[in-house]
Amino acid sequence: MTSDPTDAIAARIRTERIGRNWSLAELAERSGVSKAMISKIERGEASPTASVLGRLSGAFGLQLSTLLALAEQAGERISRAQTQPVWQDPETGYTRRVLSPLNGSILELVEVTLPPGARVAYPSSAFTFQHQQIWVTSGTLAFEEGDVAHVLNKGDCLQLGPPVPCVFANPTKAVCVYVLGLVKR
């Protein structure tokens, strides 16, 4: 059984916004996400897509994983598979499992499962505060890094360059699974 962090995500977004003394309108302007959508997310009436979370995390100057982590970080050094937080994008079916212990370490490992035909885009702001590597463990990932296109197959590992808009896509009929290695800048 995996835990659903949707309520924790909503609370974290609200906490980050209020902690900065930002109105809904100011967060909307900074992130490019509508004020109505942010309000619905904060009230738990809508589950944010991966793209929306990327925009919000960029506006806050945080790693996406910060918004996806459970509210309580126990400081443990081991993360058991059955308790690792899993979030599913309601738009694409993409799932994101935080593999690393939720203890605030500078290194974070995240496993992503990208369904056949799925495509997830992130603005450059989602990559501003982290160095990232992508390691494909099964399937094929078509990755657009700004104007550069990469096709990554099982076993391939790519280190991302400077922050640019990125697209993760699975052009095949098989599931693609990859691990993200994230380090805070």
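The values are calculated or read from the model by the stated rules, or taken from the named source; none is laboratory data. As the structure is a prediction and not an experimental result, all values here were calculated from the model. When we count neighbours, we look across all protein chains shown, and the Cβ atoms used for this are built from the backbone with ideal geometry, even at glycine. For the accessible areas, the whole protein counts, side chains as well, though only heavy atoms, and no ligand, DNA or RNA atoms are used. Shrake-Rupley method; radii C 1.70, N 1.55, O 1.52, S 1.80 Å.
Table for the structure above
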{"quantity": "Stretch gain in nm, segment TRP22-LYS35, where the contour uses 0.36 nm per residue and the Cα spacing is subtracted", "calculated": "3.5 nm"}
{"quantity": "Per-residue ³J(HN,Hα) for region 81-92, Karplus 6.51 cos²θ - 1.76 cosθ + 1.60, θ = phi - 60°, Hz, x for Gly and Pro", "calculated": "3, 6, 10, 5, x, 10, 10, 10, 6, x, 7, 10"}
{"quantity": "Whichever lysines have a C-alpha closer than 24 Å to that of LYS173, once near sequence neighbours (fewer than 8 apart) are set aside", "calculated": "LYS154"}
{"quantity": "Solvent exposure of region 87-185 as accessible area per residue, Å², 1.4 Å probe", "calculated": "48 Å²"}
{"quantity": "In nm, spacing of pseudo-spin labels at THR172 and THR128 (7 Å Cα→C-beta vector)", "calculated": "3.5 nm"}
{"quantity": "Accessible area of ARG20 in the full protein assembly, 1.4 Å probe (Å², nearest 10)", "calculated": "80 Å²"}
{"quantity": "Separation in nanometres of the label points that stand 7 Å from Cα toward Cβ, at VAL164 and SER138", "calculated": "3.1 nm"}
{"quantity": "Phi-based couplings in Hz for region 114-120 (Karplus 6.51, -1.76, 1.60; Gly and Pro marked x)", "calculated": "10, x, x, x, 6, 9, 10"}
